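Q: Quick one: this structure, given as structure tokens, is what I'll be asking you about.
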Amino acid sequence: MKLIRVGDAGNETPGVLLDDGRRVSTAAVLDAIGQRDYDEAFFGGDAIDAVASWFADGASGEELPADARLGSPVARPSKLICVGLNFRDHAAETGQAEPEEPILFGKATTALCGPDDDLVIPRGSTATDWEVELAVVIGHAARHVSMDDALGHVAGYALHNDYSERHHQMERGGQWIKGKSHDTFAPLGPFLATPDEVGGDAGDLAMWLTVNGETRQQSSTNQLIFGIAELVSHISDFMTLLPGDVISTGTPGGVGLSFDPPIYLKPGDVVELGIDGLGTSRQNVVAAS
Ligand code: ZN
């Protein structure tokens, strides 16, 4: 099942994407069980099961316009936690040792936006960069969960572009969160796929990113140093992961910073990305107004 949110920013309607491309509202299904959106309350209870059984019964309901904007498939969560240097090919390419335990950093949740929204280059930025990533959305709250139990706390997966302003990230006194948190720096979606759509742990999915049609990143989630169960378990030892929280699991080689000289984004560029089973997204790059 693929969960979507459709409509203007801040006023999205929850729905599902069918295999034939139709978008069907789940607003009535949610209303009947006292829910309103794909948020903490939704992911924390058994609401997703109610939607799944409605879906299995034919998913009849109001159709949403096919050309309307897609929002983030998750309403603003409590946390966006990211993982650094988590790809074998990326570590090898940069000559860095693989980390002994996951490197974590945060991204402001206000950076979240729709998958095809414009990427706004921050004021004064000269080093805005791309990072195709697999994002994990938490279902039931997780605190000190074991690796064996971790996947039971995953509601689903989504495509994410972890946009990064490298100067703000690395040359402004720390921490990385400064370069990761600008508005529009976290396009998520097009949809949240439940685990059955991607083989349970999303462990072998091709992923790619192009800039102006030129391939920049091409890898697979099979290159993850720390897999999904290990990440959820590890992070839950340091904080409570609430329902709807997003973990972005790291990017493969081919980011702009890795070129010599680096290649950074400028207004007019077009960034496209995808992960097998999780759809594609596209961001037009624009200057800050
Ligand atoms: Zn990243």
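Q: Can you find even one residue in the range 234-242 that is away from the ligand (no atom under 16 Å from the Cβ), among the small types (Gly, Ala, Ser), in a loop (DSSP other than H, G, I, E, B) and crowded, with 17+ Cβ neighbours inside 10 Å? Lay out the reasoning, then the answer.
A: First pass over the range 234-242, keeping only residues away from the ligand (no atom under 16 Å from the Cβ): 234, 236-242.
Keeping just the survivors that are among the small types (Gly, Ala, Ser) gives 236.
This time we only want the ones that are in a loop (DSSP other than H, G, I, E, B), so: 236.
Filter once more, keeping what is crowded, with 17+ Cβ neighbours inside 10 Å: 236.
Yes - at least one qualifying residue is present in the range 234-242.
Q: Can you find a residue in the range 139-146 that is aliphatic (A, V, I, L, M), within 12 Å of the ligand (Cβ to nearest atom) and open to solvent by less than 10 Å² (accessible area, probe 1.4 Å)? Spell out how you get there, then give the answer.
A: Just the residues of the range 139-146 that are aliphatic (A, V, I, L, M), to begin with: 141-142, 145.
Cutting the leftovers down to within 12 Å of the ligand (Cβ to nearest atom) gives us none.
No, the conditions are met nowhere in the range 139-146.
Q: Can you tell me which of Asp57, Asp49 is within 18 Å of Ala193 (Cβ to Cβ) and exposed (fewer than 15 other Cβ atoms within 10 Å of the Cβ)?
A: Working: Asp57 fails: within 18 Å of Ala193 (Cβ to Cβ).
After applying the criteria, what remains is Asp49.
Q: If the Cβ limit is 7 Å and pairs must be 6+ apart or interchain, which residue in the range 53-66 that is assigned by TED's automatic domain parsing to the domain that holds Leu17 and of a type in the set (Phe, Trp, Tyr) pairs with which residue that is open to solvent by less than 60 Å² (accessible area, probe 1.4 Å) and assigned to a loop (DSSP other than H, G, I, E, B)?
A: Final answer for the pair search is Phe55/Met1.
Q: Being open to solvent by 40 Å² or more (accessible area, probe 1.4 Å) and near the ligand (Cβ under 10 Å from one of its atoms) is the filter here, so list the residues in the range 78-92 that pass it.
A: Of all residues in the range 78-92, those open to solvent by 40 Å² or more (accessible area, probe 1.4 Å) come to 78-79, 85, 88-89, 92.
Passing the criteria: only Leu85.
Q: Is there any pair with a first residue in the range 109-120 that is crowded, with 23+ Cβ neighbours inside 10 Å and a second that is part of a loop (DSSP other than H, G, I, E, B) and of a type in the set (D, E, K, R) whose Cβ atoms are under 7 Å apart and which are 6 or more apart or on different chains, and what are they?
A: Every condition considered, the pairs that remain are Leu112/Arg76; Gly114/Arg69.
Q: Condition first: of a type outside the set (Phe, Trp, Tyr) and free of Cβ contacts under 8 Å to residues at least 24 places away in the same chain. Can you find one or more residues in the range 124-137 that meet it?
A: yes
Q: Out of the residues in the range 263-276 meeting the condition of being open to solvent by 10 Å² or more (accessible area, probe 1.4 Å) and within 16 Å of the ligand (Cβ to nearest atom), tell me which one is farthest from Ser72 (Cα to Cα).
A: My answer is Tyr264.
Q: Using beta carbons and a limit of 7 Å, which pairs, at least six apart or on different chains, have the first residue in the range 176-198 and open to solvent by 20 Å² or more (accessible area, probe 1.4 Å) and the second one of a type in the set (Asp, Glu)?
A: Going by the 7 Å Cβ cut-off, the qualifying pairs are His182/Glu165; Thr184/Asp117; Thr184/Asp118.
Q: Can you tell me which residues in the range 148-184 are part of a helix (DSSP H, G or I), within 13 Å of the ligand (Cβ to nearest atom) and in contact with a His (Cβ under 7 Å, 6 or more places away or on another chain)?
A: Selection gives Gly179 alone.
Q: Ala202: touching a residue at least 40 places away in the same chain (Cβ under 8 Å), in the same structural domain as Trp130 (by TED's automatic domain parsing) and in a helix (DSSP H, G or I), yes or no? Outline the logic, then answer.
A: Working: touching a residue at least 40 places away in the same chain (Cβ under 8 Å): yes; in the same structural domain as Trp130 (by TED's automatic domain parsing): yes; in a helix (DSSP H, G or I): no.
In short, no.
The values are calculated or read from the model by the stated rules, or taken from the named source; none is laboratory data. This one's a predicted model, so the numbers in the text were calculated from it and none came from an experiment. All Cβ positions, glycine included, derive from the backbone under ideal geometry; neighbour counts span all protein chains shown. All accessible areas refer to the heavy atoms of the entire protein, side chains included, with ligands and DNA or RNA removed. Shrake-Rupley method; radii C 1.70, N 1.55, O 1.52, S 1.80 Å.
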